[in-house]
Amino acid sequence: MPQTLEPLLRGHRFFAGLEPAHLSLLAGCAANEVFPADSFLFREGEPAQTFYLIREGKVALEIAAPGRGALVVQTLGEGEVAGFSWLIEPHRWEFDGRAVDRVRAVRMDGSCLRGKCEDDPRLGYELMRRFAGLTTERLQATRLQLLDVYGHARGH
Amino acid sequence: MRAVTDTQPREPRPVAPWIEPQSWQVTAVRLEAPGVVTLDLTPPGPFEFLPGQFNMLYQPGVGEVPISISSSPADSSHVLHTIRDVGPVTKALCALQPGDRVGVRGPYGTSWPVAAAEGGDLVVVAGGIGLPPLRPALYQVLSSRGRFGRVTVLYGARTPDDLLFADELSAWRGRFDMDVTVTVDAADSGWHGNVGVVPDLIKRAAFDPDATTALVVGPEIMIRFTVRALGAAGVTDDRVYVSMERNMQCAVAMCGHCQLGPFLVCRDGPVFSYRKLARWLGIREV
Amino acid sequence: MKARPPQSAGTGQAALPGPVVFQSDALDQLLDAIRRRGFRLVGPVIRDGAICYDDLGSATDLPEGWTDEQDAATYRLKQRDDDALFGYNVGPHSWKKYLFPPYARLSPQEPPPDQPFAFIGVRSCELTAIAIQDRVFLGGQRKDPHYEARRADAFIVAVNCGEAGGTCFCVSMDAGPRATQGFDIALTELLGDDDHRFLAEAGTVRGAEILTEVQTRPAGPADTGAASAATAHAVASMGRVMPELDLRALLEDNFDHPRWDDVAARCLTCGNCTMVCPTCFCFSVEDVSGLASSQAGGAPERHRSWDSCFTMDHSYVHGGPVRVSDRSRYRQWMTHKLATWIDQFGTSGCVGCGRCITWCPAGIDITEEVAAIAADS
């Protein structure tokens, strides 16, 4: 009998505080993955039905443009989560996710999760709450990046 | 407040220092990043300062600007000043070559509470040109490393090209008794480090919030976000110290330009306890 | 918080002789005695339709028989029906024009003035203002040598006001109307029927010495009584009142009060108030070279000149000024004058002289602004 991934989920910051019953439900949608350095976890435009709990290593969210090469908008590390697009239509990745070094992650199956949330709205609420917190944090950080606070002032 | 050694008598202060700056020699010049230069200046006589203090650097016929001292207080023959070219005086300073002379008067201002931080953890958070004024504090800490707990340095800049003192940061990161994390706002995929904002690094850092002193220097917006993140991590604002920037011209609490509410930044700062400042930073256009 | 800085110790006042009286036509004896000791006399004269401070030749240069009518944005000279020599209050000048001149060359350093100043006709509010500026320029960790050179030997003949002006409120700021410290001689002009005389008190040993060269008689109860009555009349005729409140707490707690928007709609940020105010001390330093320099070969010079917190440059940090809006700059001036000055220097910055009210083209009245904030905070 293969070991479930419950211990890994329980140890990840994102799922901190979830009841054991919910954790085992979620474990049913989880799979362990290892990405070698420079491989891609996901590519821009591809269908997004998963998200990743990063356990080790660093993932760069990148977007490429002609003449500009690949630009990194954020790096995510241990304890962080990559992927919101599984939550909202049209369920497509908006960025590339590249493993900067070797990455160990837990892959969560989005449609499996959505099904469990329909059946158990309490679980659904707990997940949405966590994702709302995450997106808010990400929004604040993005705004701070947009403000370009270190930039030279206009006119100089 | 200048530190005084036991063996040397204090030099009498000139009565009108801003009229007669001393002439110092430029010993070396280093380009740190586009538009940012470090001047290595040698004073004509003994010179002492505390971490966080600044000098007024003078170019005759052009003007004078306040520049934080960015070298170790233990080295009084190579006094470093890291300058960003943003106007006519800084432009002139950034164009200096070894052998040129600079008018210098100082040191002025309040200093980092390094001694008060002993016995606990230290978190140093710098953004952009904010790293130079913190370096003297870090040197002082490293010279008596055993008196401190965990020492964490979090540093952010706009892009990898804008990172200052990159070699030194790498060397510090290699030490087992220092945690150094660097991040940038934006980078291309040639950068293998973090991309993201400095405040977000705080929640990933390891320190004991009940026994931590935080030193923060950077743009005011970054300071406010950082203090919030420190607060969320349990560091109260009376343990957070910042270095503020205002229009310091005379540096001797007389010309009135550097006012920040009830404070004269040249005299009551530039290092402040955040708790003292907090209500004033929350009011616009003060 | 009271405006008056603490009195300086050790003037040996206990050893000074009591008050004396001299007739008004003996005033020149006093002025000559001072001049003989090498002082440059400056005092009130009529110029450009106002009573200004300028060099004083003799008592005939004083605005005899004139008074000033002052109100918000209003200053007029008017003839009196007597021949009082000091029958007015304060004009657009203050003594800072001599102690802290509007323009000075810092480098190459200017020589100190040839002659020390004798200020003739300094009001109590002005004595307080001088003491306030003393704290700024001499009281910190460093002293300003320019101010010190002019201040150190300055001889001060104070005059006690017998009548307050339309914009005066020195009583509210505990800065007058009677001079109590900081003078060499204090005069109170007494205009009895056919007995135009001065009560003179020595405040220093050198003041007492000079009085011995004037034809005087000891003051009697009628004289001191008349002087007290003059002071009482000045107290009763104050044109304005500053609300009796903890101004520091009131203003520091009300930086977001809507009244600031109200005053901003009227304020032109012209900076007149900062120029006429006897305590405003902001200055800027400019480096020039080439044609702008008066040195041989265009060698560099440093100048210092009066600055004002109303300018856009005043709060400049790289990127732009901190205080952009009119609202923020007016607020800076008023809260500094009445509140944060106390944090910075230990006293209020305001002496209740009323100049800022008189010389504001929009007629903004600092006492009215405080009352408006206090009424609704």
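The values are calculated or read from the model by the stated rules, or taken from the named source; none is laboratory data. Predicted model, so just to flag it, every value in this text is computed and none were measured. Quick reminder, even Gly has a Cβ in these numbers, built from the backbone with ideal geometry, and neighbours come from all protein chains shown.
Summary of computed values
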| quantity | calculated |
| --- | --- |
| Unmet requirement for residue B:284, which otherwise passes all of (1) surrounded by fewer than 21 Cβ atoms within 10 Å (Cβ to Cβ); (2) more than 9 Å from every other protein chain (Cβ to nearest Cβ) | (2) |
| Verdict on residue C:98 being buried (at least 17 other Cβ atoms within 10 Å of the Cβ), touching a residue at least 40 places away in the same chain (Cβ under 8 Å) and of a type in the set (Phe, Trp, Tyr) | yes |
| Which numbered condition residue A:37 fails, given (1) in contact with an Asp or Glu (Cβ under 6 Å, 6 or more places away or on another chain); (2) within 20 Å of residue A:132 (Cβ to Cβ) | (2) |
| Single unsatisfied condition, residue A:71 versus (1) over 13 Å from the mean Cα position of the chain (by Cα); (2) more than 28 Å from residue B:157 (Cβ to Cβ) | (2) |
| Members of segment C:309-339 that are touching a strand residue (DSSP E or B) at 6+ places or on another chain (Cβ under 7 Å) and small (Gly, Ala, Ser) | C:315 |
| Selection count where residues are more than 9 Å from chain C (Cβ to nearest Cβ) and either out of contact with any Phe, Trp or Tyr (no Cβ under 7 Å at 6 or more places or on another chain) or in a loop (DSSP other than H, G, I, E, B) (or both), scope segment B:233-257 | 10 |
| Complete set of residues in segment C:289-330 that are surrounded by 20 or more Cβ atoms within 10 Å (Cβ to Cβ) and over 29 Å from the mean Cα position of the chain (by Cα) | C:322 |
| Helices (runs of 4 or more DSSP H) fully within segment C:275-377 counting 3 or more residues that are within 9 Å of chain B (Cβ to nearest Cβ) and charged (D, E, K, R) | C:326-335 |
| Options C:209, C:213, C:201: the member that is outside the structural domain of residue C:348 (by TED's automatic domain parsing), assigned to a strand (DSSP E or B) and either surrounded by 14 or more Cβ atoms within 10 Å (Cβ to Cβ) or not hydroxyl-bearing (Ser, Thr, Tyr) (or both) | C:201 |
| Residues located in segment C:15-69, provided they are under 20 Å from the mean Cα position of the chain (by Cα) and of a type in the set (Val, Ile, Thr) | C:42, C:45, C:46, C:51, C:67 |
| Any hit, segment A:92-115, residues being closer than 19 Å to residue B:204 by Cα and under 11 Å from the mean Cα position of the chain (by Cα) | yes |
| Members of segment B:120-165 found to be hydroxyl-bearing (Ser, Thr, Tyr) and modelled with pLDDT of 95 or more, listed by number | B:139, B:143, B:144, B:152, B:155 |
| Qualifying residue in segment A:126-149 (condition: surrounded by 18 or more Cβ atoms within 10 Å (Cβ to Cβ), within 13 Å of another protein chain (Cβ to nearest Cβ), in contact with a Lys or Arg (Cβ under 9 Å, 6 or more places away or on another chain) and closer than 30 Å to residue B:91 by Cα) | yes |
| Filter result for residue A:79 (within 13 Å of another protein chain (Cβ to nearest Cβ), in contact with a helix residue (DSSP H, G or I) (Cβ under 6 Å, 6 or more places away or on another chain) and either assigned to a loop (DSSP other than H, G, I, E, B) or surrounded by fewer than 21 Cβ atoms within 10 Å (Cβ to Cβ) (or both)) | yes |
| Single unsatisfied condition, residue A:47 versus (1) surrounded by fewer than 14 Cβ atoms within 10 Å (Cβ to Cβ); (2) at positive phi; (3) of a type outside the set (A, V, I, L, M, F, W, C) | (2) |
| Any chance residue C:188 is within 14 Å of chain B (Cβ to nearest Cβ), under 23 Å from the mean Cα position of the chain (by Cα), surrounded by 15 or more Cβ atoms within 10 Å (Cβ to Cβ) and not in a loop (DSSP other than H, G, I, E, B) | no |
| Residue in segment C:264-272 that is modelled with pLDDT of 95 or more, β-branched (Val, Ile, Thr) and within 22 Å of residue C:173 (Cα to Cα) present | no |
| Residue check for residue A:107: within 13 Å of chain B (Cβ to nearest Cβ) and of a type in the set (Lys, Arg) | no |
| Extreme residue, farthest from the other protein chains (Cβ to nearest Cβ), among residues of segment A:20-76 that are without any contact (Cβ under 8 Å) to a residue 24 or more places away in the chain, outside any strand (DSSP E or B) and not small (Gly, Ala, Ser) | A:20 |
| Residues of segment B:203-229 satisfying the condition of being within 18 Å of residue B:183 (Cβ to Cβ) and of a type in the set (S, T, N, Q) | B:226 |
| Residue match in segment B:184-201 (condition: touching a strand residue (DSSP E or B) at 6+ places or on another chain (Cβ under 6 Å), facing another protein chain (nearest Cβ under 10 Å) and under 18 Å from residue B:133 (Cβ atoms)) | yes |
| Residue B:202, sole failed condition from (1) modelled with pLDDT of 95 or more; (2) farther than 25 Å from residue B:36 by Cα; (3) surrounded by fewer than 21 Cβ atoms within 10 Å (Cβ to Cβ); (4) β-branched (Val, Ile, Thr) | (3) |
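Residue-wise test of (1) surrounded by fewer than 19 Cβ atoms within 10 Å (Cβ to Cβ); (2) more than 14 Å from chain A (Cβ to nearest Cβ); (3) of a type in the set (A, V, I, L, M, F, W, C).
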{"residue": "B:79", "(1), (2), (3)": "no, yes, yes"}
{"residue": "B:88", "(1), (2), (3)": "yes, no, no"}
{"residue": "B:103", "(1), (2), (3)": "yes, yes, no"}
{"residue": "B:106", "(1), (2), (3)": "no, yes, no"}
{"residue": "B:109", "(1), (2), (3)": "no, yes, no"}
{"residue": "B:112", "(1), (2), (3)": "no, yes, yes"}
{"residue": "B:118", "(1), (2), (3)": "yes, yes, no"}
{"residue": "B:123", "(1), (2), (3)": "no, yes, yes"}
{"residue": "B:128", "(1), (2), (3)": "no, no, no"}
